[in-house]
Amino acid sequence: MFDNVLETSSFVVNHALHVKINYSKVNDLIEELWKFKYIHYLAKVPYDIYHMSTKNGINFLLIYDSINFSFWGDPKWTIDENGKQLDGGMALLHCIFHLFNGRDSVDVYKQLEHMTFEEFKTLLKGNIDIPLLEERYRIVTEISKIVNEKMHGNFYGFIEGLYTDNEIFSCIIRHFGCFEDTRTYEGKKIFFYKLAQLLTSDILHVIEEKEQKKVDYTNLVGCADYKIPQVMRSLGILEYDDELASFVDTKTEIEENSRYEVEIRSSMIVVIHWIWKTLDKRMARIHINDFFWSKGQDQVQTCLPYHLTRTTSY
């Protein structure tokens, strides 16, 4: 499946009309990449995921990562945490973490399966309704029902003993249809699976950290979202033609499955793979992915705008 992501993204890049990769700008980053000190983002958030049991932590991540998408808006959805405003993925993490924290995740899944829409809305209560609220509710209740009925309320127990990205990713895709993430471009099916790759990476990093097991996440190819292309464009690696640049820079919504969106997402996958080969495969592609994501967190004020697509994929 990972080969399909790379192969179809390469097809898009080879036929792209609106996005071009400037490989000379990629070369400028190689030295910085070698110096990159990788720390998984869960170790840096102000919620101690690693102090949860492995079971509860991974069961938490299945819910969190499944609805970790599409936060943009004007105004942006925010929550208040003791006078501090949180938005985006961090606000969502706050809401879901506090639902799980201090509880057995099996009990949380029972609650989530039968949670009413109004209860879910209250769980994510902010200044406005979070975008795609109904879709998030459907995903959470659907996942919980599957876990309760097929996995005895314990997703972690279902994958326990799996330590490779191929195994865990395949399990996620096989059992949870909400992680489907494909597009169509010039009549060809294009594969991305952003959230499924993110969840796979998160699970393996938790197992690696907490259980001290040898894991393999070297087949992951990258999480095609809005933030990493934003950083790549700001660095001059991705170049948009005037037509696409006008849409992005004026913050005009780009339709899901449009040629623009597919070319943006595919190009970042190809860049990550090209860097991986340039580094003689000595740095995992998911770490190269996270290098760009980290730069976006550090340089948020200097980045060009990101493209706006309303989607449950990222």
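The values are calculated or read from the model by the stated rules, or taken from the named source; none is laboratory data. Note that the structure is predicted; figures quoted are calculated from it, not measured. Every residue, glycine among them, receives a Cβ derived from its backbone with ideal geometry; neighbour counts consider all protein chains shown. These area figures cover heavy atoms from the full protein model, side chains too; ligands, DNA and RNA do not enter into them. Shrake-Rupley method; radii C 1.70, N 1.55, O 1.52, S 1.80 Å.
Tell me, please, whether a residue that is closer than 30 Å to Tyr260 by Cα and either at pLDDT below 95 or not hydroxyl-bearing (Ser, Thr, Tyr) (or both) can be found in the range 150-163.
no
Within the range 37-79, the set of residues being more than 18 Å from the chain's Cα centre (by Cα), open to solvent by 50 Å² or more (accessible area, probe 1.4 Å) and modelled with pLDDT under 95 comprises Lys37, Pro46, Asp48, His51. Scanning the range 243-270 for residues that are closer than 20 Å to Leu6 by Cα and assigned to a loop (DSSP other than H, G, I, E, B) turns up Glu256, Asn257, Ser258.
Within the set His114, His18, the sole residue that is touching a strand residue (DSSP E or B) at 6+ places or on another chain (Cβ under 9 Å) and either hydrophobic (A, V, I, L, M, F, W, C) or more than 21 Å from Ile286 (Cβ to Cβ) (or both) turns out to be His18.
Look through the range 275-314, keep the residues that are farther than 24 Å from Asn219 by Cα and modelled with pLDDT under 95, and return whichever of them is least open to solvent (accessible area, probe 1.4 Å). Once the filter is applied, the top-ranked residue is Cys303.
Being out of contact with any Cys (no Cβ under 6 Å at 6 or more places or on another chain), closer than 19 Å to Val13 by Cα and open to solvent by 10 Å² or more (accessible area, probe 1.4 Å) is a property that Glu263 lacks.
Considering only residues that are free of Cβ contacts under 8 Å to residues at least 40 places away in the same chain, more than 24 Å from Glu149 (Cα to Cα) and more than 15 Å from the chain's Cα centre (by Cα), which ones fall in the range 170-190? Across the range 170-190, the qualifying residue is only Gly187.
Select from the range 192-215 the residues that are open to solvent by less than 50 Å² (accessible area, probe 1.4 Å) and outside any helix (DSSP H, G or I) and write down the one among them that is nearest to Ile159 (Cα to Cα). Taking the candidates together, the pick is Val215.
Quick check on Thr218: is it more than 19 Å from Lys25 (Cα to Cα) and open to solvent by 60 Å² or more (accessible area, probe 1.4 Å)?
yes
For the range 229-243, a residue qualifies if it is in contact with a strand residue (DSSP E or B) (Cβ under 7 Å, 6 or more places away or on another chain) and open to solvent by 50 Å² or more (accessible area, probe 1.4 Å), and exactly one does: Glu239. Looking for something more than 30 Å from Ile168 (Cα to Cα), part of a helix (DSSP H, G or I) and either among the hydrophobic types (A, V, I, L, M, F, W, C) or free of Cβ contacts under 8 Å to residues at least 12 places away in the same chain (or both) - is there at least one such residue anywhere in the range 232-242? Checked against the condition, which is being more than 30 Å from Ile168 (Cα to Cα), part of a helix (DSSP H, G or I) and either among the hydrophobic types (A, V, I, L, M, F, W, C) or free of Cβ contacts under 8 Å to residues at least 12 places away in the same chain (or both), the range 232-242 yields at least one hit. Quick check on Glu256: is it among the charged types (D, E, K, R), surrounded by fewer than 19 Cβ atoms within 10 Å (Cβ to Cβ), out of contact with any strand residue (DSSP E or B) (no Cβ under 9 Å at 6 or more places or on another chain) and farther than 16 Å from Asn22 by Cα? No: the conditions fail for Glu256.
Among the residues of the range 101-120, those identified as farther than 17 Å from Ile58 by Cα and buried (at least 16 other Cβ atoms within 10 Å of the Cβ) are Glu113, Met115, Phe120. When the residues of the range 211-227 are filtered to those that are of a type in the set (Ser, Thr, Tyr) and in contact with an Asp or Glu (Cβ under 9 Å, 6 or more places away or on another chain), the one that is nearest to Thr164 (Cα to Cα) is Tyr217. The residues on offer are Met283, Met268, and the sole one that is in contact with a Gly (Cβ under 9 Å, 6 or more places away or on another chain) and either under 25 Å from Lys44 (Cβ atoms) or of a type outside the set (Phe, Trp, Tyr) (or both) is Met268.
If the condition is being farther than 15 Å from Glu32 by Cβ, touching a residue at least 24 places away in the same chain (Cβ under 8 Å) and touching a Phe, Trp or Tyr at 6+ places or on another chain (Cβ under 9 Å), then the range 273-302 contributes Trp274, Ala284, Arg285, Ile286. The set of residues from the range 144-175 being open to solvent by less than 50 Å² (accessible area, probe 1.4 Å), under 14 Å from Ala196 (Cα atoms) and assigned to a helix (DSSP H, G or I) comprises Asp165, Ile168, Phe169, Cys171, Ile172, Ile173, His175.
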